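The values are calculated or read from the model by the stated rules, or taken from the named source; none is laboratory data. As the structure is a prediction and not an experimental result, all values here were calculated from the model. Heads up, the Cβs are rebuilt from the backbone with ideal geometry, glycines too, and the neighbour counts pull from every protein chain shown.
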Amino acid sequence: MSLLAVLPRVALAGVVIFSTTLPVALRAAATHRLEPVDAAHGMVVAGHPQAADAGVQMLRAGGSAMDAAVAVSLALGVAEPYGSGLGGRIVIVYYEAATKRVSVVHGVEAVSRALDVDAYRKLPSAGRSIGATAVCVPGLPAALHDAHQRWGRLPWADNARPAIKLAREGFLVLPLSVKFFQTQEKKLRRFAEIGRLYLPGGKLPAAGARLPNPDLAATLELFAQKGPEGFYRGPVAEAIVASVRAGGGTMTLEDLAQYRATFSEAARFTWGDAEIFTSPPPFSGGTIIQLAMQALEGTTWPGETLRDPRNLDRVARVVQRLYPLVQAEIGDVPDTWERYRRLTGPETTALLRGALTTPGRPLVHVSTAMEDEGQASSTTHFAVADAEGNIACITQSTGYHFGSGIVAHGTGVVLNNWMNSLTYGDRKSPNYVAPGRRGRSTTSPTLVLRGGEPVLAVGVPGGQRIPVGVLQVLLDYLAFNRPLGEAIGDTRFHVVRPASTDDARNKLEFEYSLPVSTAEALRQLGWNPRIEEDPEHFGGVNAIEFLPGGVKRGWADPRRTNAAAGY
């Protein structure tokens, strides 16, 4: 591979510059430039061009947005094995054009009902993040099939064919994909089954190579023929349970056979004349976005841009203040909707607005051990729109990159590590580990409507960075009226949640393009700005913008291997 193929790319005034160390002046000016794709009929924006193409194939064949979404989801499980797949979770936010209704399908992994909580808590904490003891019951296959049953038009098996072919013939390893393999080489070498699949000849795959997974192709064929029965029962289920139990996990065949996805309404709130629909409880991400926007609506922005240090200070104060409130209330508990409605009510909004007027420096202490997705979470987001106006806005994940590192023997399925998303210290937490519980998630696929008509479908991967990533795009787009491409491509930032008592407080993360003057102004306001050199760290925002005349404009974030395709 050439040196240029592995160095980070920075788009600046239309020129692609390759550099490992950028001069200060250049770093201050650099942003990511997006090239939109317009289509009159259907649009797909996804994390790999071959997955986007799979979705377009279904749209051209007369499929609905959900048919295309099935094809994209399954293809991503092949082409982004480090990010998502059959062994993980999914959340689907779906707009049905005929009824103008927004629904959510929850396919979140579940803790084994055979888990001995006290015994599990005595395991080393690393066992919650890697290996068989980190695996929960996968939710993606059930949710994807249930959503297709409700909104699909084509036969289920037709939607699986592109992914089967991709797994059999091999997906194209892209230059940016190589990094995911490189950073997880230790995990790939630690576990024999995953190494057999993703270290061909014992070596890391090179850019331009095609990497087949015949085991996964066979599993997908069974899934295509039998639906969930082909995954949650029979040989695939038996292989999953055998692999998990061989590594010390407690999953049973009954856990798999009894898994069910669920449907619900979306979390909904307004911003001016816009209606915003996002992930509802027990997801924490949508609640974070809603609380922040409710607190910030009507504020007077002192600068002309969101990234004016005074405006960054406002956003960060609100987000920092709401984090512990969400952590304390949102989770997989019977009264989660009651908790959500109380939390998003006027009293909390008034409390958060108080953070905007409190004089002096921001909070020094927020909370400790605030668990769900950590910094290392790997995910993928995609959006699909069909000719009739139906929209699927979807985020899916296996947790960390390559999940637990466990591949169920002979299936090609990378299993999640979502035991890591649960809370282990605070027994009163709504996210405290328990048999059957489904860990909360910052996942935040989001739709914006005006007058009942779609304006925007947007989402981003990135663990705890997800809700702040979506929030800043929405604020740029709705409050500052910026073109969507600029909103996605501008300097990304994140308000960091401290994960332990040793973590730095008042920490803000930024991309390398943060101006030095902005960083210094933030320090004067009491913040601790840090530069994260890797653009991928902040995830890749994928979005579809809905323009007059029925035009669908796809925006694929170049921070990752994203692609937009339509017809």
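Observations
- Restricting the stretch 143-168 to residues that are within 14 Å of Ala261 (Cα to Cα) and in contact with a Gly (Cβ under 6 Å, 6 or more places away or on another chain), the residue that is surrounded by the fewest Cβ atoms within 10 Å (Cβ to Cβ): His145
- When Val458, Val468 are checked against the criterion of being modelled with pLDDT of 95 or more and under 16 Å from Arg268 (Cα atoms), a single residue qualifies: Val458.
- Count of residues meeting criterion [under 17 Å from Gly87 (Cα atoms) and at pLDDT below 95] in the stretch 419-438: 2
- So Lys187, is it closer than 25 Å to Val244 by Cα and either among the polar types (S, T, N, Q) or modelled with pLDDT of 95 or more (or both): yes
- Pair list, Cβ under 8 Å, 6 or more apart: the stretch 513-524 residue free of Cβ contacts under 8 Å to residues at least 40 places away in the same chain, other residue buried (at least 18 other Cβ atoms within 10 Å of the Cβ): Ala519/Phe510; Ala519/Pro529; Arg523/Pro529
- Residue count for the stretch 543-565 satisfying the condition of being more than 20 Å from the chain's Cα centre (by Cα) and buried (at least 24 other Cβ atoms within 10 Å of the Cβ): 1.
- When Lys179 is tested against (1) under 22 Å from the mean Cα position of the chain (by Cα); (2) buried (at least 20 other Cβ atoms within 10 Å of the Cβ); (3) of a type in the set (D, E, K, R), exactly one condition is not met: (2).
Every residue, every condition in (1) touching a residue at least 60 places away in the same chain (Cβ under 8 Å); (2) over 15 Å from Val37 (Cα atoms); (3) of a type in the set (Asp, Glu), yes or no:
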residue	(1), (2), (3)
Phe480	yes, yes, no
Glu536	yes, yes, yes
Asn542	yes, no, no
Ala563	yes, no, no
Gly566	yes, no, no
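- Evaluation of Gly131 against (1) modelled with pLDDT of 95 or more; (2) within 16 Å of Ser421 (Cβ to Cβ); (3) in contact with a helix residue (DSSP H, G or I) (Cβ under 8 Å, 6 or more places away or on another chain); (4) not hydrophobic (A, V, I, L, M, F, W, C) (one fails), failing number: (3)
- Of all residues assigned to the stretch 136-146, none qualifies as being modelled with pLDDT of 95 or more and over 21 Å from the mean Cα position of the chain (by Cα).
- Residue check, Tyr232 more than 18 Å from Leu76 (Cα to Cα) and among the hydroxyl-bearing types (Ser, Thr, Tyr): yes
- Cβ-Cβ distances below 6 Å connect the following pairs, each with a first residue in the stretch 93-121 that is in a loop (DSSP other than H, G, I, E, B), a second residue that is hydroxyl-bearing (Ser, Thr, Tyr) and surrounded by fewer than 21 Cβ atoms within 10 Å (Cβ to Cβ), and a separation of six or more residues or different chains: Ser112/Thr250; Ala114/Thr250; Ala114/Thr252; Leu115/Thr250.
- The stretch 306-340 - residue that is free of Cβ contacts under 8 Å to residues at least 40 places away in the same chain and touching a Leu at 6+ places or on another chain (Cβ under 6 Å) and, of those, nearest to Thr423 (Cα to Cα): Leu322
- Residue check for Pro515: surrounded by fewer than 24 Cβ atoms within 10 Å (Cβ to Cβ) and either at pLDDT 95 or above or in contact with a Ser or Thr (Cβ under 7 Å, 6 or more places away or on another chain) (or both): no
- Residue in the stretch 181-201 that is assigned to a loop (DSSP other than H, G, I, E, B) and of a type in the set (Lys, Arg) present: no
- Members of the stretch 71-100 found to be over 28 Å from Ser129 (Cα atoms) and among the hydrophobic types (A, V, I, L, M, F, W, C), listed by number: Ala71, Ala97, Ala98
- Considering residues of the stretch 72-98 that are aliphatic (A, V, I, L, M) and either surrounded by fewer than 24 Cβ atoms within 10 Å (Cβ to Cβ) or out of contact with any strand residue (DSSP E or B) (no Cβ under 9 Å at 6 or more places or on another chain) (or both) only, the residue nearest to Ala46 (Cα to Cα): Leu74
- Looking only at residues in the stretch 191-239 that are farther than 19 Å from Ile406 by Cβ and among the acidic types (Asp, Glu), the one that is surrounded by the most Cβ atoms within 10 Å (Cβ to Cβ) is Glu221.
- Odd one out for Ile531, checked against (1) over 15 Å from Ala487 (Cα atoms); (2) at pLDDT 95 or above; (3) β-branched (Val, Ile, Thr): (2)
- Exclusive hit being under 27 Å from Phe223 (Cβ atoms) and surrounded by fewer than 23 Cβ atoms within 10 Å (Cβ to Cβ), set Gly459, Gly425, Gly410: Gly410
- Condition check for Ala383: surrounded by 15 or more Cβ atoms within 10 Å (Cβ to Cβ), of a type in the set (A, V, I, L, M), modelled with pLDDT of 95 or more and farther than 26 Å from Ala110 by Cβ: yes
- Annotation for the stretch 267-285: no member residue is within 27 Å of the chain's Cα centre (by Cα), closer than 20 Å to Gly436 by Cβ and either surrounded by fewer than 16 Cβ atoms within 10 Å (Cβ to Cβ) or assigned by TED's automatic domain parsing to the domain that holds Tyr94 (or both).
- Across the stretch 306-325, the qualifying residues are those that are among the aliphatic types (A, V, I, L, M) and in a helix (DSSP H, G or I), and the one among them that is surrounded by the fewest Cβ atoms within 10 Å (Cβ to Cβ) is Leu325.
- Single match in Leu296, Leu256 (criterion: surrounded by 21 or more Cβ atoms within 10 Å (Cβ to Cβ) and outside the structural domain of Ile130 (by TED's automatic domain parsing)): Leu296
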